[in-house]
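Worksheet: one structure, shown below.
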Amino acid sequence: MKCAFCSKDLSKGAGYLFSKKDGTTYMFCSSKCRNNQLGLKRVGKKAPWVKREKPASETKKEKAKIKPEKKPEKK
């Protein structure tokens, strides 16, 4: 399972389980994550202390590798 706020991996039986009246459940790794999402209504990807893995297309190394193709010059 992963934390709903910071997407950190959780072991079985660890963390906090929050369920809403409509049946939606959220797992949180800590009270810090739980309070930020539920109480303070923050978004996990915008929190500066959350370390999320970026897709390969967003990393600087991958952007440097992907270079636009040059068009042949016309004479």
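The values are calculated or read from the model by the stated rules, or taken from the named source; none is laboratory data. This structure is a prediction, so every number in the text was calculated from the model and none was measured. With ideal geometry, Cβ positions are generated from the backbone for all residues, glycine too; neighbour counts draw on all protein chains shown.
Inside region 29-65, residues that are modelled with pLDDT under 70, surrounded by 10 or more Cβ atoms within 10 Å (Cβ to Cβ) and of a type in the set (A, V, I, L, M, F, W, C) make up a count of 1. So Lys74 passes all but one of these: (1) in a loop (DSSP other than H, G, I, E, B); (2) at pLDDT below 70. Which condition number does it fail? Of everything listed in (1) in a loop (DSSP other than H, G, I, E, B); (2) at pLDDT below 70, Lys74 misses just condition (2). Residue check: Tyr26 meets all listed conditions (1) assigned to a strand (DSSP E or B); (2) modelled with pLDDT under 85 but one, namely (2). Annotation: Pro68 fulfils all but one of (1) surrounded by 15 or more Cβ atoms within 10 Å (Cβ to Cβ); (2) at pLDDT below 85; the unmet one is (1).
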